[in-house]
1. With a Förster radius of 41 Å, plug the Cβ-Cβ distance of K476 and N203 into 1/(1 + (r/R0)^6) and report the FRET value to the nearest 0.05.
2. At 7 Å along the Cα-to-beta-carbon direction for both D210 and D259, put a label point, then send me their distance in nm to one decimal.
3. Using the per-residue mean of other Cβ atoms lying within 10 Å as a proxy for protection, in what order, highest first, do the peptides 396-405, 437-446, 351-360 fall?
4. Would you mind working out the accessible area per residue for the range 281-390, using a 1.4 Å probe, and quoting it in Å²?
5. Which percent of the accessible area of the range 184-293 is formed by carbon and sulfur heavy atoms (probe 1.4 angstrom)?
Amino acid sequence: MMLLPSKNPINLYPNGKLTTYSQRRSSPLGLSFGYDATNQSSQYNNPDGNENGDQKYRPQQDATRLGNQGTPSNAGFTALGALADFATARRSNSIQVPLRQPPPPVVRPLLSVSQPTSRLLFKTYFSTIHPMWPILYKPMYDLTGYDYLQDKIAPPLLYAIYSISACVQPGYPDLDENYQDFPSPQQSFEAALAALQQTGPLNLLKPSIDACQALTILALQQHGVAEDASAALLCSLASSMAIELKLHRATTASSDATDTQVRSRLWWNIYVLDKMLACEMGRPVHLRWEEQDNIFPSSSESDEYQLLSLRSSGQNRVSSVKTHTISGFHTTIQITVIMERISRQIYSIKGREAINERSPSAEETRARFSQDLKEYKDMMDALPLKLDPSNGNIPAPVTITNMVWMWCLTILLHRPFIGNYQPGGKDAKDPLQECFVAASNICNILEGYADNLPMLSCDLIFPIFTTASTLSYSIKQSAFEDGETRRRIDLCIRWLQVLGRSWKNASTRGEVLAQDYKPASRIPTPENHLSHNRGPQNGTGQWSMEDWSFLNKFSDPTDEFYAMDADFRNLLQGPIA
């Protein structure tokens, strides 16, 4: 038998009320609509059909809400007929069903920056951040010019660039007067996150090159403002997105050359940042050298020869220095590979067990990595990028940073062995002596190029902190205590002040750690950065109060491998005994 719809609009509510739960279960469709307009309080029916039962299950519907006031046509009531009659009634507006409208989407206010301010932020980014972290393919942006990039770059990436540029104090005397709309790092950071989710919260998880670049820069920005937990999470998301985009794999020969360089730069910067955060925070690495085959970025690009204006040490002369951006970044990747292996084989759980058990394999691992670091230094000395104070030339910032990190890794390699070292035993090298020599070399490098310290990256904060911790520990052990060691600790504290103040506008800092501390020698002041012929200017011969909380998140204070860091933190709270 063919089922035909009723000719009359159907009332699905017998007796002018919504069918009960049990009645609708007996219906093939169990349809129900609306609520009781005559009673604003919710009314419910008993599932057993008792209208006076506990009001619990389904809202009632007053019959007057329906267009048809008559008795329902039960004859011929079928599921198909009900659907057809309801559709007909809906088209004729004889049934009015109140629909719940979704709330309007929340439009988050994004950042509004004038063209002059935007130009300044881009100039700051490409002159201070890019030479150390070539995340972006700069030649592509050079074709557009800083004045027009604001309209060409995707909003998440645009605001991410603003967020990290705003952290760097550019030093322009007229900044406050001519750049009234200069955004704070926090404003830009929040705008970048909002832009990543502008089309919906899940858009943050949608892989794309623009989003991956933005997340990487935001992770670097959070690292610079001492929000390392946020930096690690953002870097982890960028790492996962990079894998999803297959950035870890080499492109084919037929791939577009620009796309190949964009992908290569992005991948290797994520790789480096992942290792740096793992090393600084004492956490496992996420990306492994063995799991990729992407090529290094090409050093034949125009930003390889970008020029920076740097000041010669102890002179008023300003020189133009080639950044060697990409070839220098190659050496960054190479030292990062050693960093990864030290993190995985020395600071891993199994590596710690071997060291604490004085396993011969642990000593062999230490000797092998010590040789790797020596070979890296020999390689750097053979390159045009080498540090050579004797010729009076200013090295590229990437060279200074990488050599400082090489000596920092030397400290990280040897210091877990200090507790188990037995003089005159079978151990080849005294680990404390190796750490002390490395810390002294870091001080020598930074003291030689201290005039340009504000131009250097915040990546130096952790090596300087580690250096000061090592020197402080050596004094406590009375192994190498002398006036020069104390002077170097003073210098480390001042360098931390200079770098900390370069990024202070973005930091969320709480506890003030520094108390009155009397320096052992005349050391530089923040007013003239690192001029070497003036002492503290507050008239008391003591440090002014400083906020050292940005050092709290380095390493793990409960970890025995980082025990000596606690000594330096205590030192910042008072004078050396």
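1. Given R0 = 41 Å and the Cβ-Cβ separation, E is 0.20.
2. Those two pseudo-labels are separated by 1.7 nm.
3. With the highest mean Cβ count within 10 Å placed first, the list reads 396-405, 437-446, 351-360.
4. Accessible area per residue, the range 281-390: 53 Å².
5. The C+S portion of the solvent-accessible surface of the range 184-293 is 53 percent.
The values are calculated or read from the model by the stated rules, or taken from the named source; none is laboratory data. The structure presented is a predicted model; accordingly, all values stated were derived computationally and were not measured. Methodologically, a virtual Cβ is constructed for each residue, glycine included, from the backbone with ideal geometry; neighbour enumeration extends over all protein chains shown. Ligands, DNA and RNA are stripped out before the accessible areas are found, and what is left, the full protein with its side chains, is counted by its heavy atoms. Shrake-Rupley method; radii C 1.70, N 1.55, O 1.52, S 1.80 Å.
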